[in-house]
Amino acid sequence: MNNRPGNPNSSRRPWSICLDDRFSLVHQIKRKQCRLYSLGLGSDNNQFEISMANSGCEVHRFDPSIKPAHIQKGQRLWYHRLSIDWRDPNPMIVAHKLRTNTKKLGTVLNDFGHHKIDILKADMESAEWKILENLILEDVVEHIGQLVLEIHVHWPGFEVSGNDSTVVRYWYSLLKELELKDFRLFHTYKDLSKPQMFLKREAFNASSSYTLSWVNTRWK
């Protein structure tokens, strides 16, 4: 498969997308009909999002650190003051008491009137496991064409508990579920700048952070 992280001919960068002719993304980009959701924090580098917007994608970046509710930069790039979570806020909590506006991805899709996401890029600093679980349980993942996810393995992650074996089985079950839903892993990236840790233990020749890219082979 061909992959491109915004910059052609680079296979070492973490944010890689599949441009294989067998799948629709390359054609969607040419027709300027692709949509990308980017979940992350304000400190993240946004060159990937800018590059994809310049390529013709409609890009929505969810960044809880910005002050305005919505910012449009250019014709195809929007920033939203939203944090994606694995649950919607408790309606009993007064909205202004919440530190940030948090919603599940499925709720955001409904709010925006979007039925599908061609690319979902996510770096959620250890919240990714519970968010991925929510996407699978609510069948939102089936509305995603490609998933580019940074995972963290130095600790179990937010609200993930149990001994090491239980945690690993939980992680494995989520990744296996993606495979069962016909997601194919096509690119991996090991971040050598991060500590060599696995579940709070030092791990030689490993990393506490990996970026994994999947393509939904059912996607049309």
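Please treat every number below as a calculation from the coordinates, not as lab data. Just so it is clear, the structure is predicted and the values come from calculations on it, not from any experiment. Backbone-built Cβ (ideal geometry, glycine too); neighbour counts: all protein chains shown.
If you take the beta carbon distance between residue 163 and residue 198 as r and set R0 to 22 Å, what does 1/(1 + (r/R0)^6) give as a FRET efficiency, to the nearest 0.05? If you can, show how the numbers build up before the last one.
On the way: r = 14 Å, r/R0 = 0.64.
The pair residue 163/residue 198 has a calculated efficiency of 0.95.
Taking every pair of alpha-carbon atoms in the chain, give the share separated by more than 29 Å as a whole percent.
Details: 5912 of 24090 pairs.
Summing the P(r) of the chain above 29 Å gives 25 percent of all pairs.
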Problem - Efficiency of FRET between residue 174 and residue 65 - r from beta-carbon atoms, R0 22 angstrom, step 0.05 - result: 0.20
Handout entry: Partners for residue 181 among lysines (Cα-Cα distance below 20 Å; same-chain residues under 8 apart left out)
Key = 116, 121, 130, 220
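Can you compute the charge dipole magnitude of the chain about its Cα centre, using +1 on each Lys and Arg Cβ and -1 on each Asp and Glu Cβ, nothing else charged? Give it in debye, rounded to the nearest 20. Write down the numbers at each step before the final one.
Details: 31 positive and 25 negative charges, 115 e Å.
Magnitude of the dipole: close to 560 debye.
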